[in-house]
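Reviewing the structure listed below.
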Amino acid sequence: MKRQILFISMFFFIYTCAFAQFSSLKQNEGMMSGGVGMSYVDDKPYFAFHFQPELAFANMGLGLDLNLEISPAGKINPENFNEFSDYASIIRYFRYGSKGDPAYFRIGALDYATLGHGSIMYAYNNSASYDARKIGVEFDVDFNEFGFESVYGTFGEAGVFGVRGYVRPLRLTALKDIPIISNLEVGATYSADFNQNAGVYEGNLVDGKFKAVDSTDAGVMNIIGFDLGLPILKTSWLNLDLYYDFVKFVDFGSGSSAGFIARFNALGAVNVTTKLERRFNGDKYIPSYFNSFYEIERFRYDGANVRSKVQFLDALQTEGNGYYGELMVSLLNTFNIIGSYQRLDKDSKSGILHLVADAQTFGSYVVRAGYDKVRIKSEADLFTLDDRSYLFAEVGYKPYSFMIVSMVYHYTFTPTRDKSDNITGYKPQKRIEPRVTFVYPFNM
């Protein structure tokens, strides 16, 4: 299904979730936004209605997301409500605390879920398509001497799961007051994908339903990992952590990584976080296997051929070592940018790029952009849009403090389904949206 959406009647609209990393709501604040418009889906008109309030109170936050597309005959677009998760996802998220707090809980859309240093799960997104939103959960607890992190991707079906337990062993001994060394952290991770297509190499349609061929189905994807972390510097303006991770894919290969994470804070005006690691990759091993593109890459079937991530994993031979770097900069909460890039020494198709920029309070102008691409062949391939790409870009003007007039280009994905309405893959989807957005912030 090829979909192009053009909003030609604009009164209100909502912000997307592309910039959840830069959520700026403070305690006891709220944001009310919504809109109506006209959408064209497969050349068929739909009246579009949107409502997306967001609240933050005490240590809790709540976001709702209602999206309806209704035809002139009064019928709802079947992609809006054809799964249980579509109804549940009206509650976009509920959270207690924030990632890194002693206690953190979030249920709903998971935008950038990460376990540990990210060698197994990094920036995992459980809702890669707006037409196939899912409800997942993150739950972390830190008891000072030990703790855990956990992620479950979706309640609507079997999916991605991960848990990391860790201990700071010296805090359980008489050495607990020794600077630096007492912060040594030892962790272990188990992560898996229980989806029925997680290990599928081949298959075909039987009576309109996709069936995997038993001999080419690896079953559940199981991954285990062990890690060490040591914060060697911790001040009010600079933190520096060293780490080492080892990861083993059950029935496949293994790899490891070593690096550092540095965080710089200049009186709240400038915040910089940088991460640099060296990756040592064996055969049949992919670092950060569960990433922002995993739900798209897991499995695709076009009616003739299967393309799956396990196929790619199994074919990797002597992938070689490489580097990974990440940089996040925030200036006065008015300009934010995140960028990360991976390149392996010997694999010409190993590039992975992630970019997000947001300058929503840059004078009277709004500039937003988000871009992801995987399996980059060369630097010339960085910004070509295809089935390895995701792009969101918005340029707008604020005639009033509560109004934004903008143009949005969205290169995303829409699910493909068999006769039983099961998702058999995703294909690229383009959206061009002129917008008028009304946003009303309030205090509670």
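The values are calculated or read from the model by the stated rules, or taken from the named source; none is laboratory data. None of these values were measured; they are calculated from a predicted model. Here the Cβ is made from the backbone with ideal geometry for all residues, glycine too, and neighbour counts use every protein chain on show.
Worth pointing out:
- When each of Gly162, Gly116, Gly153 is tested for being of a type outside the set (Phe, Trp, Tyr) and at pLDDT 95 or above, the lone residue that passes is Gly162.
- Annotation note: of Arg300, Arg343, Arg307, the sole residue that is of a type in the set (D, E, K, R), more than 23 Å from Ser191 (Cβ to Cβ) and outside any loop (DSSP other than H, G, I, E, B) is Arg343.
- Every condition in (1) over 25 Å from the mean Cα position of the chain (by Cα); (2) under 13 Å from Leu313 (Cα atoms); (3) surrounded by fewer than 17 Cβ atoms within 10 Å (Cβ to Cβ) is met by Ser236 except one, and the failing one is (2).
Per-residue answers, yes or no, for (1) surrounded by 15 or more Cβ atoms within 10 Å (Cβ to Cβ); (2) in contact (Cβ under 8 Å) with a residue 12 or more places away in the chain; (3) assigned to a strand (DSSP E or B):
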residue: Gly259; (1), (2), (3): yes, yes, yes
residue: Ala262; (1), (2), (3): no, yes, yes
residue: Asn265; (1), (2), (3): yes, yes, yes
residue: Asn271; (1), (2), (3): yes, yes, yes
residue: Leu276; (1), (2), (3): no, yes, yes
residue: Arg279; (1), (2), (3): yes, yes, yes
residue: Ser288; (1), (2), (3): yes, yes, no
residue: Ser292; (1), (2), (3): yes, yes, no
residue: Ile296; (1), (2), (3): yes, yes, no
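- Total residues in the stretch 259-302, condition over 20 Å from Gly320 (Cα atoms), among the small types (Gly, Ala, Ser) and in contact with an Asp or Glu (Cβ under 6 Å, 6 or more places away or on another chain): 1
- Subset tally (residues that are crowded, with 18+ Cβ neighbours inside 10 Å, among the small types (Gly, Ala, Ser) and part of a strand (DSSP E or B)) for the stretch 151-179: 1
- Odd one out for Phe264, checked against (1) within 19 Å of the chain's Cα centre (by Cα); (2) of a type in the set (Phe, Trp, Tyr); (3) more than 24 Å from Thr154 (Cα to Cα): (1)
- Annotation: of all residues in the stretch 119-140 being hydroxyl-bearing (Ser, Thr, Tyr) and not in a loop (DSSP other than H, G, I, E, B), the one that is modelled with the highest pLDDT is Tyr124.
- Every residue from the stretch 298-314 that is of a type in the set (Gly, Ala, Ser) and either surrounded by 18 or more Cβ atoms within 10 Å (Cβ to Cβ) or free of Cβ contacts under 8 Å to residues at least 12 places away in the same chain (or both): Ala304, Ser308
- Restricting Gly325, Gly339 to residues that are surrounded by 15 or more Cβ atoms within 10 Å (Cβ to Cβ), at pLDDT 75 or above and of a type outside the set (Asp, Glu) narrows the list to Gly339.
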